[in-house]
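See below for the structure under consideration.
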Amino acid sequence: MAVRMMLFSTVDTEREEEFEKAFGKVREHVATVPGHIRDELLRLDDSPGSYVLVSDWEDREKFTTWLRSATHETMTADMRPYFTRPSEMRFYTLRVPQQ
């Protein structure tokens, strides 16, 4: 069953544009990972530096396999310098299919 990973993150407010560009690069790489469906980047309007990275996967096992791989580290390296504190990762199982 499809799963949605949501990563609640805080980045340096003075480097948001750079972070968003880095996300775009990372997104292109992650799109090649088996089991990956799509990614989005959301920014909280009234809280500068607050983002949610949304990533849909065919199942949690495929995401976890990639997360624990060496390729995860290299694929996501461009984004890591912008985080100002540890992110919180949550998983949600998709219950109603997208239309």
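Every read-out reported here was derived from the displayed coordinates using simple, explicitly stated rules and does not represent laboratory data. Predicted, not measured: the structure shown is a model, and the values here were computed from it. With ideal geometry, Cβ positions are generated from the backbone for all residues, glycine too; neighbour counts draw on all protein chains shown.
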Q | For region 43-99, alpha-carbon Rg and Dmax in angstrom | A | 13.9, 36
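Give the order of W57, W66 when sorted by the count of other beta carbons within 10 angstrom, beginning with the fewest. Let's see the in-between values first.
Working: W57 26, W66 18.
Fewest to most other Cβ atoms nearby, the residues stand as W66, W57.
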Q. Over the chain, what is the relative contact order in whole percent, taking alpha-carbon pairs under 8 Å and six or more residues apart?
A. 48 percent
Q) To the nearest 10 degrees, how steeply does helix 16-30 sit against the main Cα axis of the chain, on a 0 to 90 scale? A) 20 degrees
Q) What is the order of D56, D46, fewest Cβ neighbours within 10 Å to most? A) D46, D56
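Counting other C-beta atoms within 10 Å, which of M5, M79 has the fewest, and how do the rest follow? Don't skip to the end; give the middle numbers.
Working: M5 18, M79 24.
Result, fewest neighbours first: M5, M79.
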Q: Return, for the Cα atoms of the chain, the radius of gyration and Dmax in Å, separated by a comma.
A: 13.4, 39
Q: List every residue whose amide H lies under 5 Å from the amide H of I37, counting only residues 5 or more places away in sequence or on a different chain, with H placed 1.01 Å from N in the peptide plane.
A: D56, W57, E58
